[in-house]
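Every number in this text was worked out from the coordinates using simple rules, so none of it is lab data. All of these numbers come straight from a predicted model, not from anything done at the bench. Note that we place each Cβ from the backbone using ideal geometry, even for glycine, and neighbour counts take in every protein chain shown.
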């Protein structure tokens, strides 16, 4: 479930004791396993080995340059949703011709930057975006490669905040308008249709909705081709879930890849996949330390130095993360709500956790590699934490902890 293991009662990541990381780099602190990230990416690449494919890591899950550089060296593509993410990918050594640009609100500046870089494809989400892209490509003297993101109206069975494939969601072009949108794309002189795309949500643990969405997309691709509009690739999106707790069953990546390969066999389409969480989620942990035990309420509280500013998923999605002591000690346990110091009642990292802890103890919040640091904020003027990459027996800081002074370095008073 996680990149960590317990040895002689203490938590380790690869060949590094996490208590040593906490002492050296302080807490809160994000820690990632190089081996876990590379192994998760290879599971997709090797699972699709018999199919023409490109694995495009979804940068929004974790955009640290060290993570992106690891994947670029493996030959990964990248799924981006902003100009900032494009700049990060290029700075990390990623190839522009392996970048696909998703997102519902691409600005003119972002589109111009992506055209200048020569990205592989724009995943277009509306007719107005097609028209804007055609105009900007014409001004740049190029033909922009496009894939239309079609909303297949398939329920991913996940949290409503991370469901993207239903008619009521803001994403994509409605399935019943897709053919008309492809006709428009084919008519616009500065666009070149290359594919079809869908993405129905995140943290999906059941293959059935993914298979249903792929069936609908392939039917639509055949209808588009019948109109004389070439489609060379099918982008099946991402959203494959990971195991956050013991009672969950993660989606089997190898089985899913095999199913995709069988479904595309003989179609002539290349396949693009956009995994994010399933690459980095279980490769990372958030280290924190107990500041106080507050026992004078109806519930016991373990107040730690991490908060919703560092990990907002529990407050935003009611997400569950396992919380484990860095050292398992022989002492009485009790049930605690693990909470942070931020001035919000929603600043809760875990409820009803049975822990044997005292003030000063270190804890690890597991499976925090995706949408952790990527969604961190400076709420309450809290500096964002350091990020550390573990590689065998070595731990290297890959992002320094922010300083308080850096939080307002770009601000000024009226004078």
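Starting from 0.36 nm per residue, how many nanometres of slack lie between residue 177 and residue 73 once their C-alpha separation is accounted for?
Values: separation 104, 0.36 × 104 = 37.44 nm, distance 3.94 nm.
Contour length minus the Cα-Cα distance gives 33.5 nm.
State, to one decimal in nm, how far the label point of residue 300 lies from the label point of residue 6, with both points 7 Å from Cα in the Cβ direction.
Between residue 300 and residue 6, the simple spin-label model gives 1.7 nm.
Which FRET efficiency value, to the nearest 0.05, is calculated for residue 222 and residue 23 with the Förster distance at 51 angstrom and r the Cβ-Cβ distance? The partial results should precede the final answer.
On the way: r = 59 Å, r/R0 = 1.16.
Computed FRET efficiency for residue 222 and residue 23: 0.30.
Mind ordering 143-152, 353-362, 117-126 by average Cβ neighbours within 10 Å, highest first?
Numbers: 143-152: 24.8, 353-362: 15.8, 117-126: 22.5.
Final packing ranking: 143-152, 117-126, 353-362.
How do 102, 309, 23 line up, fewest other C-beta atoms within 10 Å first?
Numbers: 102 29, 309 24, 23 11.
In order of increasing Cβ crowding within 10 Å: 23, 309, 102.
For a Förster distance of 51 Å, can you work out the FRET efficiency between the beta-carbons of residue 293 and residue 46, rounded to the nearest 0.05?
Working: r = 47 Å, r/R0 = 0.92.
Here the calculated transfer efficiency is 0.65.
With a ≥ b ≥ c taken as the square roots of the eigenvalues of the C-alpha gyration tensor of the stretch 281-340, please select rounded if a/c is under 1.5 and otherwise prolate if a/b is larger than b/c or oblate if it is not? Each step should come with its number before you reach the end.
Working: a/c = 1.90, a/b = 1.28, b/c = 1.48.
Cα axes put the stretch 281-340 in the oblate bin.
Modelling each spin label as a point 7 Å along the Cα-to-Cβ direction, I'd like the residue 267/residue 187 distance in nm, to one decimal.
Rounded to a tenth, the inter-label distance reads 2.8 nm.
Using a 10 Å cut-off around each Cβ, can you sort 175, 199 from fewest to most neighbouring Cβ atoms? Don't skip to the end; give the middle numbers.
On the way: 175 19, 199 25.
Fewest-to-most ranking of 175, 199: 175, 199.
Hey, with R₀ at 41 Å, roughly what FRET efficiency would residue 131 and residue 208 work out to, going by the Cβ-Cβ distance, to 0.05? Mind dumping the intermediate values first?
Numbers: r = 36 Å, r/R0 = 0.89.
The pair residue 131/residue 208 has a calculated efficiency of 0.65.
Using a basic spin-label model with each label point 7 Å from the Cα along Cα→Cβ, how many nm lie between residue 343 and residue 65?
3.6 nm
Provide Rg and Dmax in Å for the chain, with only Cα atoms included in the calculation.
According to the Cα coordinates of the chain, Rg and Dmax are 22.6, 72 Å.
Two decimals is fine: what's Rg over Rh for the stretch 103-273, C-alpha atoms, Kirkwood radius as Rh? Don't skip to the answer; put the middle values down first.
Details: Rg = 16.5 Å, Rh = 16.6 Å.
Taking Rh as the inverse mean 1/r over Cα pairs, Rg/Rh reads 0.99.
In degrees between 0 and 90, to the nearest 10, how far off the longest principal axis of the chain does helix 127-140 point, with axes built from Cα atoms?
So the helix axis and the longest Cα principal axis differ by about 80 degrees.
Using a ≥ b ≥ c from the Cα gyration tensor of the stretch 256-415 (square roots of the eigenvalues), is it rounded, prolate or oblate, where a/c under 1.5 gives rounded and otherwise the larger of a/b and b/c decides, a/b for prolate?
Oblate shape, in that a/c is at least 1.5 and b/c is the bigger or equal ratio.
Grab the Cα-Cα distance for residue 140 and residue 380, subtract it from 0.36 nm times how many residues apart they are, and report the gain in nm with one decimal.
On the way: separation 240, 0.36 × 240 = 86.40 nm, distance 4.37 nm.
Contour length minus the Cα-Cα distance gives 82.0 nm.
For the stretch 1-66 and the stretch 298-332, what is the centre-to-centre distance using only Cα atoms, to the nearest Å?
20 Å
Treating the angle as unsigned and between 0 and 90°, give the value, to the nearest 10°, between the Cα long axis of helix 34-47 and the longest Cα principal axis of the chain.
30 degrees
Taking 0.36 nm per residue of separation and subtracting the Cα-Cα distance, what length does fully extending residue 334 through residue 245 add?
On the way: separation 89, 0.36 × 89 = 32.04 nm, distance 1.96 nm.
Extending this stretch completely gives an extra 30.1 nm.
What is the angle, in °, between the Cα long axis of helix 253-264 and the longest principal axis of the Cα atoms in the chain? Nearest 10 is fine, range 0 to 90.
Approximately 10 degrees, to the nearest 10.
Only Cα pairs under 8 Å and at least 6 apart count here; give the relative contact order of the chain as a rounded whole percent. List each step's numbers first, then the result.
Numbers: 948 pairs, mean separation 84.5, N = 415.
Computed value for the chain: 20 percent relative contact order.
Which order do the peptides 64-72, 48-56, 250-258 take when ranked by the mean count of other beta-carbon atoms within 10 Å per residue, highest first?
Numbers: 64-72: 21.7, 48-56: 19.2, 250-258: 16.7.
Top to bottom by mean Cβ count within 10 Å: 64-72, 48-56, 250-258.
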